[in-house]
1. Tell me, yes or no, whether segment 691-698 has at least one residue that is surrounded by 15 or more Cβ atoms within 10 Å (Cβ to Cβ) and either among the hydroxyl-bearing types (Ser, Thr, Tyr) or assigned to a strand (DSSP E or B) (or both).
2. For segment 677-733, which positions are under 19 Å from Glu603 (Cβ atoms) and free of Cβ contacts under 8 Å to residues at least 12 places away in the same chain?
3. Tell me yes or no: at least one residue of segment 330-351 is in a strand (DSSP E or B), farther than 18 Å from Arg257 by Cα and either out of contact with any Asp or Glu (no Cβ under 7 Å at 6 or more places or on another chain) or within 16 Å of ligand 3 (Cβ to nearest atom) (or both).
4. Looking at Arg721, is it more than 16 Å from ligand 3 (Cβ to nearest atom) and either outside the structural domain of Pro609 (by TED's automatic domain parsing) or not hydroxyl-bearing (Ser, Thr, Tyr) (or both)?
5. Out of curiosity, is Gly712 under 24 Å from Glu559 (Cα atoms), more than 16 Å from ligand 2 (Cβ to nearest atom) and in contact with a strand residue (DSSP E or B) (Cβ under 9 Å, 6 or more places away or on another chain)?
6. Is at least one residue of segment 202-213 in contact with a strand residue (DSSP E or B) (Cβ under 8 Å, 6 or more places away or on another chain), away from ligand 1 (no atom under 16 Å from the Cβ) and part of a helix (DSSP H, G or I)?
7. Restricting the search to segment 15-32, which residues are within 27 Å of Gly76 (Cβ to Cβ) and either away from ligand 2 (no atom under 16 Å from the Cβ) or at pLDDT below 95 (or both)?
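The values are calculated or read from the model by the stated rules, or taken from the named source; none is laboratory data. Since the structure is predicted, the reported quantities are computational estimates derived from the model, not experimental observations. Please note: Cβ atoms are built from the backbone with ideal geometry, for glycine as well, and neighbour counts cover all protein chains shown.
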Amino acid sequence: EKYVYLFNEGNSDMRNILGGKGANLAEMTNIGLPVPFGFTISTQACNDYYKAGKKISDTVEQQILVALEQLEEKTGKKLGDVTNPLLVSVRSGSVFSMPGMMDTVLNLGMNDETVKAVAKLTNNERFAYDSYRRFIQMFSNVVLGIDLFYFEQFLEETREKKGYKVDPELTAEDWQEVIAGYKAIVKRQKKIEFPQNPQEQLFLAIRAVFDSWNNQRAIVYRRIHKIPDSLGTAVNVQSMVFGNMGNDSGTGVAFTRNPSTGEHQLYGEYLMNAQGEDVVAGIRTPEAIHVLEKEMPDVYKKLLATCQLLEKHYQDMQDIEFTIERGELFILQTRNGKRTAQAAVQIAVDMVREGIIDKETAILRVDPEQLNQLLHRRIDQTAKRVPLTKGLPASPGAATGAVVFDADEAEQLGKEGKKVILVRPETTPDDIHGNVAAEAVVTSRGGMTSHAAVVARGMGKACICGCESLKIDLKNKLFTVGDTVVNYGDIITIDGSTGEIMLGGIAMIEPQLSEEFKLLLSWADQVREIGVRANADNPVDARKAFEFGAGGIGLCRTEHMFMDPKRIPIVQSMILAENYEDRKGFLDQLLIMQQGDFEGIFEAMEGHPVNIRLLDPPMHEFLPDKEELLVEVTKLQLTAPDSPELAEKERLLKKVNQLAEFNPMLGHRGCRLGIIYPEIYEMQVRAIINAAVKVTEKGIPVKPEIMIPLVGHVNELKRMRQLVEETAEQVMSATGVYFDYLVGTMIEVPRAALTADRIAEQADFFSFGTNDLTQTTFGFSRDDAEGKFLQTYIEQKVLPENPFAVLDREGVGKLIEMGVTLGRKTKRNLKTGICGEHGGEKSSIEFCYLAGLDYVSCSPYRVPLARLAAAQATI
Ligand code: ADP
Ligand code: MG
Ligand code: MG
């Protein structure tokens, strides 16, 4: 079996074997780009390494040695040779890019002898010893596991002792001194001499890269991005080129388009006289790429041409690493660039306009989940803003939160539900949990391609980088800008699209869809074969949903109308009423209020269907909390034993006790309420039909769909349908206004799905209520499951996903399919939809399409996402 591939033996289709980096290095080699030669050890070798208990097999070792010989032949250099030594990088690279999460070692092959040869060959002693010390530092950290801190501290001490400010002031002799110090650190920390044998160095580094697949940050990153743990990483061994050879050398990163806005313009940054890590690590703030055009016009021209070629070749925006060695350009990596949602939409649409991709490809290019970012609130441009300072606008969006200075703190406070903004000199991959927990990240060092920026864009969070006027004092937990001191816990607001940082909070506005976004969604609408509706309970949400392209309301929860603080007292009185007459009086008051809501919703939807669910939750949800009430009653008994207030509270308490249930989720709710208190459902139906009459009279068409919740037996629906029809008939004949309406049910308990053929006899439509259906199918109470055991279930892979977030196709899905099939057997034209939260999740949407549902329904803000996901499911 082949485990090792020279760069000229692979291509970009071999990602699974070579990892993304290796596959693209091979592809670029084959299209003739200046890529330093090397070879790739396959992901299979990594998996075998783990299977064998972290052992590189003889076969793999043999193949590595053969490839090394071929590399030596091709470059004319030899690893460890004392006249013309080969130096290599050992780079990780998995199937899906995990920027900076795994390890890489540069300048491998350096030792006390080869360093002299390098000095001689390049006629540059300073460079040679600088490269050697970098190697010791990286190797010791990555392979030997020694904290970088010791090396950085030693270097700083040396600088101070010599009175230098920056590294370039160190001479060759100084670096030799540093090297001696570094070796002493290794000896002190690990009780070993720094390995001098380059072949031993190579194999140790390869093992370390394999091992880095399972370091903590890589594991966290994979969990966030749902990358399987089983893939493993490839290892790339590549001959070195040097950006630190002097002022005609440098290294940088370029994006073929702006990854933040999508603007079609080369975008990136570079550092002269530096090695690759310096740019990404954000240790020095680099120059913008257009400066290179002035500094080295020929190199810039070549870079631009290469970028254009790569973008055309891959038909997507590329993120490219390059190094300039003594005026010569080398390409070290290319990949499809990570981008914000705004950029993703802009680039997809532009590329269709430019004829690079077709509309379907454009639709597939944008991740629906990412679109959420575009629907976030933004700072109101008309609000007064007084920026405290400004950094680089590294990732757009606005955020307000309390300042914290370390990742663990961000995580801790995040868990407590606090909104925090992580402020750091720079972030490293070890801070990843902090990036996750924070609303936004601000760094005082590092550029637009630094770790903090890349991670933030990937996660759709706002980020400001390189804000150099911000002086961070980690010890005292504060930062200053001029005279202003901002302490730990103070609230700040940041605008990631301008780079501005403001004190306190600022007014935010609702999002709007850009022209490109609307265009992309219109293409999606042409392609998709499943409808998208919205869940909305009031006219404001309904209008928003309509604006975002909803084709109707899939679920209007009427209890939300009951929960309005102004209405709650009436609802309570209604529940407390001792007899039918009294109850009827309060119901009449509620009728008028509900009717107004329905009118607004019908008008907003301009003739599109509106599905209204009659009251679902158990009555006690509208009453005060039992424990609190008990406390109040006890107090009153002591302080005002004869007061009417006490009598009232006691009556309330009695009712609360009466209505209390052992298991409300499975208790007296849904149509069970409607059957016991038909007057409540009757009132609601009257309100709906009255509203429809009013709106019809205004000349606006209406399509009400009345939905009965929690039906498990056809007889429940039969009764409720009769009630709806009688009530509607009364209203219509009294007003003389007639229109069509539908009566149907939610399928949300297994029995309903199992007997869907019977239930369809009484239903015009089914709407799968997958929240309850998931609860009742698994027998999980959602509130208990999510807090108590579901997290562990997912971590330990008992369940692949949270079934309340991603529809469980195997179980709940089977019930849905059964419901659709049985239902349509009885009624060929039965309308079907889904209204659980799954209706806004892309994998669940795909399932709904495959199951043949007519529509999905989700919250208004997820409608654009669902339109796109529905199109993707169809393609
Ligand atoms: P990451 O995945 O963290 O970007 P890389 O393997 O891409 O890790 O390498 C880290 C840095 O080292 C990058 O800037 C890269 O361009 C640089 N680098 C890697 N290999 C070489 C090489 N052979 N010559 C010069 N620079 C290199
Ligand atoms: Mg890289
Ligand atoms: Mg339900």
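1. Yes, segment 691-698 contains at least one residue that is surrounded by 15 or more Cβ atoms within 10 Å (Cβ to Cβ) and either among the hydroxyl-bearing types (Ser, Thr, Tyr) or assigned to a strand (DSSP E or B) (or both).
2. Gly699
3. yes
4. Answer is yes for this residue.
5. No, not satisfied.
6. No: zero hits.
7. Within segment 15-32, Thr29, Asn30, Ile31, Gly32 meet the criteria.
Conditions tested, residue by residue: (1) in contact (Cβ under 8 Å) with a residue 40 or more places away in the chain; (2) assigned to a strand (DSSP E or B).
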position: Ala785; (1), (2): no, no
position: Gln791; (1), (2): no, no
position: Ile794; (1), (2): no, no
position: Leu822; (1), (2): yes, no
position: Gly833; (1), (2): yes, yes
position: Gly839; (1), (2): yes, no
position: Tyr861; (1), (2): yes, no
